[in-house]
1. Give me the tail of P(r) for the chain as a percent: Cα-Cα pairs with distance above 38 Å.
2. For segment 181-278, report the accessible area per residue in Å² (1.4 Å probe, heavy atoms, rounded to an integer).
3. Pairs of alpha-carbon atoms within less than 8 angstrom and 6+ residues apart define the contacts here; what relative contact order does segment 125-264 have, in percent?
4. I'd like the distance separating the alpha-carbon centroids of segment 218-268 and segment 13-52, in whole Å.
5. As an exercise, use a Förster radius of 45 Å and the Cβ-Cβ distance of Lys189 and Thr123 to find the FRET efficiency, rounded to the nearest 0.05.
6. Express the Stokes-Einstein translational diffusion coefficient of segment 171-212 in µm² s⁻¹, to the nearest whole number, given a Kirkwood radius over alpha-carbon pairs, 20 °C and a viscosity of 1.002 mPa s.
7. Taking the Cα centre of segment 1-117 as origin, work out the dipole magnitude from +1 charges on Lys and Arg Cβ and -1 charges on Asp and Glu Cβ, in debye rounded to 20.
8. How long are the semi-axes of the equivalent ellipsoid of segment 1-102, taking √(5λ) for every eigenvalue λ of the Cα gyration tensor, in whole Å from largest down?
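The values are calculated or read from the model by the stated rules, or taken from the named source; none is laboratory data. Quantities reported herein were computed from a predicted structural model and do not represent experimental measurements. Here Cβ is always computed from backbone atoms with ideal geometry, including for glycine, and neighbour counts include all displayed protein chains. Protein only, heavy atoms only, side chains kept; ligands, DNA and RNA dropped before computing areas. Shrake-Rupley method; radii C 1.70, N 1.55, O 1.52, S 1.80 Å.
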Amino acid sequence: MKTNEEKDLTLIKIIDQFPTDEAAREHLESIRWPNGIICPHCKCSDQNKFSTIAANSAKKVRAGLRWCSSCEKQFTVTIGTIFEDSHIPLRKWLIAWYMVCSSKKGISSLQLQRNLEIGSYRTALFMTHRIRFALKDPSFNEKLSGTIEADETYVGGKTRGRGRHFMGNKVPVVSLVERGGRVRSQVMKRVTGKNLKAVLKANIHPSATIMTDDFYAYRGAAKDFASHQAVKHSAREYVRGLAHTNGVEGFFSLLKRGVMGTFHHISEQHLPLYLAEFDHRHNTRFLTDGERTVQGLKKVEGKRLTYKK
(Lines give C-alpha, C1' and ligand atoms only; values in the text may rest on other atoms or scores of the structure.)
Protein backbone atom coordinates (compact mmCIF):
# COMPACT_ATOMS: atom_id res chain seq x y z
CA MET A 1 0.00 0.00 0.00
CA LYS A 2 1.30 3.44 -0.89
CA THR A 3 1.99 6.08 1.74
CA ASN A 4 -0.93 8.30 0.75
CA GLU A 5 -3.24 5.26 0.87
CA GLU A 6 -1.96 4.44 4.36
CA LYS A 7 -2.71 7.99 5.44
CA ASP A 8 -6.31 7.85 4.20
CA LEU A 9 -6.99 4.31 5.44
CA THR A 10 -10.23 4.04 7.42
CA LEU A 11 -12.28 1.15 8.77
CA ILE A 12 -14.73 1.24 5.86
CA LYS A 13 -11.82 1.25 3.39
CA ILE A 14 -10.30 -1.80 5.07
CA ILE A 15 -13.59 -3.64 4.67
CA ASP A 16 -13.91 -2.54 1.03
CA GLN A 17 -10.28 -3.10 -0.04
CA PHE A 18 -9.71 -6.37 1.80
CA PRO A 19 -12.96 -8.33 1.41
CA THR A 20 -11.10 -11.65 1.15
CA ASP A 21 -8.24 -13.30 3.00
CA GLU A 22 -6.22 -13.30 -0.23
CA ALA A 23 -6.38 -9.51 -0.46
CA ALA A 24 -5.47 -9.22 3.23
CA ARG A 25 -2.54 -11.59 2.73
CA GLU A 26 -1.20 -9.54 -0.18
CA HIS A 27 -1.41 -6.43 1.99
CA LEU A 28 0.53 -8.11 4.81
CA GLU A 29 3.16 -9.26 2.32
CA SER A 30 3.62 -5.70 1.07
CA ILE A 31 4.16 -4.55 4.66
CA ARG A 32 6.43 -7.39 5.82
CA TRP A 33 8.35 -7.69 2.53
CA PRO A 34 8.34 -4.19 0.95
CA ASN A 35 11.50 -4.96 -1.06
CA GLY A 36 10.69 -8.52 -2.02
CA ILE A 37 10.02 -11.85 -0.34
CA ILE A 38 12.42 -13.02 2.39
CA CYS A 39 12.38 -16.60 3.61
CA PRO A 40 11.63 -16.54 7.36
CA HIS A 41 13.63 -19.76 7.83
CA CYS A 42 16.98 -19.03 6.14
CA LYS A 43 16.55 -15.29 5.41
CA CYS A 44 17.18 -15.86 1.70
CA SER A 45 16.10 -12.86 -0.42
CA ASP A 46 16.85 -14.24 -3.89
CA GLN A 47 13.46 -14.05 -5.61
CA ASN A 48 14.50 -16.82 -8.03
CA LYS A 49 14.72 -19.25 -5.11
CA PHE A 50 11.00 -19.07 -4.35
CA SER A 51 8.11 -20.90 -5.94
CA THR A 52 4.41 -20.66 -5.19
CA ILE A 53 2.42 -23.75 -4.21
CA ALA A 54 -1.18 -23.68 -5.40
CA ALA A 55 -3.78 -23.79 -2.66
CA ASN A 56 -5.70 -27.05 -2.42
CA SER A 57 -8.21 -27.49 0.39
CA ALA A 58 -8.66 -31.19 -0.43
CA LYS A 59 -4.95 -31.80 0.18
CA LYS A 60 -4.86 -29.28 3.05
CA VAL A 61 -2.52 -26.95 1.18
CA ARG A 62 -3.13 -23.46 2.58
CA ALA A 63 -3.27 -20.34 0.45
CA GLY A 64 -0.16 -18.18 0.13
CA LEU A 65 2.21 -21.13 0.60
CA ARG A 66 5.70 -20.82 -0.91
CA TRP A 67 8.74 -23.06 -1.15
CA CYS A 68 12.34 -21.92 -0.72
CA SER A 69 14.88 -23.93 -2.71
CA SER A 70 17.71 -22.56 -0.58
CA CYS A 71 16.61 -24.23 2.66
CA GLU A 72 13.99 -26.52 1.08
CA LYS A 73 11.29 -25.39 3.47
CA GLN A 74 7.75 -24.11 3.01
CA PHE A 75 6.48 -20.83 4.42
CA THR A 76 3.79 -18.18 4.29
CA VAL A 77 3.80 -14.51 5.28
CA THR A 78 2.44 -15.44 8.72
CA ILE A 79 5.39 -17.67 9.71
CA GLY A 80 7.33 -16.18 12.62
CA THR A 81 4.63 -13.60 13.42
CA ILE A 82 1.69 -13.30 15.80
CA PHE A 83 -0.55 -14.61 12.99
CA GLU A 84 1.16 -18.01 12.84
CA ASP A 85 -1.13 -20.98 13.54
CA SER A 86 -4.13 -18.67 13.92
CA HIS A 87 -7.45 -19.89 12.54
CA ILE A 88 -8.91 -16.38 12.55
CA PRO A 89 -9.25 -15.03 8.98
CA LEU A 90 -6.56 -12.51 8.06
CA ARG A 91 -9.12 -9.89 7.04
CA LYS A 92 -10.52 -10.00 10.59
CA TRP A 93 -6.98 -9.60 11.91
CA LEU A 94 -6.56 -6.43 9.83
CA ILE A 95 -9.81 -4.97 11.13
CA ALA A 96 -8.82 -5.82 14.71
CA TRP A 97 -5.44 -4.12 14.26
CA TYR A 98 -7.12 -0.97 12.99
CA MET A 99 -9.63 -0.92 15.84
CA VAL A 100 -6.93 -1.35 18.50
CA CYS A 101 -4.63 1.27 16.98
CA SER A 102 -7.37 3.83 16.33
CA SER A 103 -9.26 3.57 19.64
CA LYS A 104 -7.87 6.32 21.86
CA LYS A 105 -8.81 4.58 25.11
CA GLY A 106 -8.52 1.05 23.80
CA ILE A 107 -11.18 -1.42 22.77
CA SER A 108 -12.41 -4.34 24.85
CA SER A 109 -12.08 -7.92 23.71
CA LEU A 110 -15.84 -8.39 24.18
CA GLN A 111 -16.52 -5.60 21.70
CA LEU A 112 -14.10 -7.11 19.20
CA GLN A 113 -15.80 -10.47 19.67
CA ARG A 114 -19.19 -8.94 18.87
CA ASN A 115 -18.04 -6.74 15.98
CA LEU A 116 -15.90 -9.37 14.24
CA GLU A 117 -18.16 -12.33 15.07
CA ILE A 118 -15.36 -14.24 16.79
CA GLY A 119 -16.38 -17.56 18.31
CA SER A 120 -15.46 -16.99 21.94
CA TYR A 121 -14.30 -14.31 24.34
CA ARG A 122 -11.16 -16.35 25.09
CA THR A 123 -10.20 -16.24 21.41
CA ALA A 124 -10.85 -12.50 21.17
CA LEU A 125 -8.83 -11.84 24.34
CA PHE A 126 -5.89 -13.87 23.08
CA MET A 127 -6.16 -12.04 19.77
CA THR A 128 -5.86 -8.62 21.43
CA HIS A 129 -3.01 -9.87 23.63
CA ARG A 130 -1.15 -10.96 20.50
CA ILE A 131 -1.58 -7.50 19.00
CA ARG A 132 -0.32 -5.84 22.19
CA PHE A 133 2.62 -8.26 22.31
CA ALA A 134 3.58 -7.26 18.76
CA LEU A 135 3.34 -3.56 19.64
CA LYS A 136 5.74 -3.97 22.56
CA ASP A 137 9.32 -2.94 21.83
CA PRO A 138 11.69 -5.57 23.31
CA SER A 139 14.62 -3.14 23.32
CA PHE A 140 15.42 0.45 22.43
CA ASN A 141 18.21 1.57 20.10
CA GLU A 142 18.50 5.08 21.48
CA LYS A 143 17.80 6.85 24.76
CA LEU A 144 15.30 9.61 25.37
CA SER A 145 16.77 13.10 25.22
CA GLY A 146 15.86 16.74 25.73
CA THR A 147 13.37 17.43 28.51
CA ILE A 148 11.97 14.27 30.11
CA GLU A 149 9.00 14.17 32.45
CA ALA A 150 9.03 11.24 34.88
CA ASP A 151 6.21 10.17 37.16
CA GLU A 152 4.61 7.11 38.68
CA THR A 153 1.03 5.98 39.09
CA TYR A 154 -0.77 2.96 40.51
CA VAL A 155 -3.09 0.69 38.57
CA GLY A 156 -5.50 -1.62 40.34
CA GLY A 157 -8.76 -2.02 42.18
CA LYS A 158 -10.03 -1.03 45.58
CA THR A 159 -10.02 -3.04 48.78
CA ARG A 160 -12.93 -2.44 51.12
CA GLY A 161 -12.08 -1.17 54.57
CA ARG A 162 -8.49 -0.27 53.73
CA GLY A 163 -8.90 3.37 52.62
CA ARG A 164 -8.42 5.03 49.22
CA HIS A 165 -4.62 5.22 49.64
CA PHE A 166 -4.12 1.49 50.24
CA MET A 167 -1.54 0.26 47.70
CA GLY A 168 -1.48 -3.43 48.60
CA ASN A 169 -3.53 -4.45 45.57
CA LYS A 170 -2.24 -1.84 43.14
CA VAL A 171 0.61 -2.17 40.63
CA PRO A 172 3.14 0.69 40.28
CA VAL A 173 3.73 2.01 36.75
CA VAL A 174 6.52 4.45 35.87
CA SER A 175 6.39 6.44 32.63
CA LEU A 176 8.99 8.66 31.00
CA VAL A 177 7.62 11.23 28.54
CA GLU A 178 9.93 13.07 26.16
CA ARG A 179 8.36 16.48 25.58
CA GLY A 180 7.10 16.54 22.03
CA GLY A 181 8.36 12.97 21.55
CA ARG A 182 8.08 9.46 22.84
CA VAL A 183 6.90 7.74 26.00
CA ARG A 184 8.20 4.61 27.70
CA SER A 185 6.23 2.88 30.41
CA GLN A 186 7.01 -0.10 32.57
CA VAL A 187 5.70 -1.98 35.57
CA MET A 188 7.75 -1.87 38.78
CA LYS A 189 7.51 -4.08 41.85
CA ARG A 190 8.33 -1.16 44.14
CA VAL A 191 8.97 2.52 43.53
CA THR A 192 12.23 3.29 45.32
CA GLY A 193 15.12 5.63 44.66
CA LYS A 194 17.29 2.69 43.61
CA ASN A 195 14.70 1.30 41.17
CA LEU A 196 13.94 4.74 39.71
CA LYS A 197 17.64 5.43 39.20
CA ALA A 198 18.01 2.20 37.22
CA VAL A 199 15.01 3.07 35.03
CA LEU A 200 16.17 6.63 34.35
CA LYS A 201 19.74 5.58 33.61
CA ALA A 202 18.66 2.82 31.22
CA ASN A 203 16.28 5.00 29.19
CA ILE A 204 17.48 8.62 29.34
CA HIS A 205 20.60 10.27 27.91
CA PRO A 206 22.84 11.95 30.53
CA SER A 207 22.45 15.32 28.77
CA ALA A 208 18.69 15.39 29.42
CA THR A 209 16.77 17.62 31.80
CA ILE A 210 14.54 15.70 34.22
CA MET A 211 11.17 17.06 35.37
CA THR A 212 9.44 15.37 38.31
CA ASP A 213 7.20 16.10 41.29
CA ASP A 214 8.63 16.38 44.81
CA PHE A 215 8.55 12.64 45.52
CA TYR A 216 11.68 12.05 47.64
CA ALA A 217 12.87 9.04 45.58
CA TYR A 218 13.65 11.25 42.57
CA ARG A 219 16.19 13.37 44.47
CA GLY A 220 18.99 10.86 44.20
CA ALA A 221 17.71 9.13 41.08
CA ALA A 222 18.03 12.20 38.83
CA LYS A 223 21.45 13.41 39.99
CA ASP A 224 23.27 11.79 37.04
CA PHE A 225 21.64 14.08 34.45
CA ALA A 226 22.27 17.61 33.23
CA SER A 227 19.63 19.11 35.52
CA HIS A 228 16.65 18.17 37.61
CA GLN A 229 13.65 20.38 38.36
CA ALA A 230 10.82 19.37 40.66
CA VAL A 231 7.42 20.95 41.25
CA LYS A 232 6.04 20.73 44.76
CA HIS A 233 2.70 19.01 44.38
CA SER A 234 2.50 18.70 48.16
CA ALA A 235 2.38 22.52 48.32
CA ARG A 236 -0.13 22.71 45.44
CA GLU A 237 2.53 23.88 43.01
CA TYR A 238 1.95 22.38 39.56
CA VAL A 239 3.77 24.72 37.16
CA ARG A 240 6.87 26.83 37.72
CA GLY A 241 8.06 28.27 34.43
CA LEU A 242 9.01 25.28 32.27
CA ALA A 243 9.00 22.94 35.27
CA HIS A 244 5.92 20.70 35.28
CA THR A 245 4.82 17.12 34.71
CA ASN A 246 1.62 17.88 32.81
CA GLY A 247 2.64 15.73 29.82
CA VAL A 248 3.15 12.50 31.75
CA GLU A 249 0.07 13.19 33.89
CA GLY A 250 -1.99 13.62 30.72
CA PHE A 251 -0.69 10.24 29.52
CA PHE A 252 -1.68 8.66 32.85
CA SER A 253 -5.12 10.27 32.60
CA LEU A 254 -5.74 8.56 29.27
CA LEU A 255 -4.39 5.26 30.63
CA LYS A 256 -6.67 5.42 33.67
CA ARG A 257 -9.70 6.23 31.50
CA GLY A 258 -8.92 3.18 29.43
CA VAL A 259 -8.55 0.98 32.50
CA MET A 260 -11.73 2.20 34.19
CA GLY A 261 -13.96 2.84 31.19
CA THR A 262 -12.90 0.18 28.67
CA PHE A 263 -11.08 -2.71 30.33
CA HIS A 264 -12.41 -2.31 33.93
CA HIS A 265 -9.70 -4.62 35.26
CA ILE A 266 -6.15 -5.43 34.14
CA SER A 267 -4.13 -8.16 35.83
CA GLU A 268 -0.55 -7.51 36.91
CA GLN A 269 0.59 -10.30 34.59
CA HIS A 270 -0.77 -8.65 31.45
CA LEU A 271 -0.37 -4.98 32.41
CA PRO A 272 2.91 -4.61 30.42
CA LEU A 273 1.02 -5.55 27.25
CA TYR A 274 -1.60 -2.86 27.84
CA LEU A 275 1.14 -0.32 28.51
CA ALA A 276 2.71 -1.22 25.16
CA GLU A 277 -0.62 -0.52 23.46
CA PHE A 278 -0.98 2.93 25.06
CA ASP A 279 2.70 3.72 24.42
CA HIS A 280 2.30 2.88 20.73
CA ARG A 281 -0.71 5.15 20.30
CA HIS A 282 1.09 8.00 22.08
CA ASN A 283 4.29 7.58 20.08
CA THR A 284 2.35 7.65 16.80
CA ARG A 285 -0.14 10.33 17.85
CA PHE A 286 0.89 12.66 15.00
CA LEU A 287 0.05 9.98 12.40
CA THR A 288 -3.37 9.11 11.01
CA ASP A 289 -5.18 5.99 12.21
CA GLY A 290 -4.20 4.21 8.99
CA GLU A 291 -0.52 5.10 9.31
CA ARG A 292 -0.54 4.11 12.98
CA THR A 293 -2.00 0.72 12.06
CA VAL A 294 0.63 0.08 9.38
CA GLN A 295 3.43 1.11 11.78
CA GLY A 296 2.07 -1.44 14.23
CA LEU A 297 1.86 -4.19 11.60
CA LYS A 298 5.55 -3.65 10.80
CA LYS A 299 6.36 -4.89 14.30
CA VAL A 300 4.96 -8.41 13.85
CA GLU A 301 8.28 -9.77 12.59
CA GLY A 302 9.75 -12.36 14.98
CA LYS A 303 6.87 -12.08 17.46
CA ARG A 304 5.09 -15.21 18.72
CA LEU A 305 2.69 -15.52 21.63
CA THR A 306 1.25 -18.95 22.35
CA TYR A 307 -1.12 -20.46 24.89
CA LYS A 308 0.55 -22.05 27.89
CA LYS A 309 -0.89 -25.06 29.67
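1. Values: 11523 of 47586 pairs.
Result for the distance tail: 24 percent.
2. On the way: 5120 Å² over 98 residues.
The answer is 52 Å² per residue.
3. Numbers: 202 pairs, mean separation 31.5, N = 140.
So the answer I get is 22 percent.
4. One Cα centre to the other: 42 Å.
5. 0.90
6. On the way: Rh = 11.1 Å.
The Stokes-Einstein estimate is 194 µm²/s.
7. Details: 17 positive and 13 negative charges, 42 e Å.
That gives a dipole near 200 debye.
8. Numbers: eigenvalues 131, 54, 27 Å².
For segment 1-102, the ellipsoid semi-axes come out as 26, 16, 12 Å.
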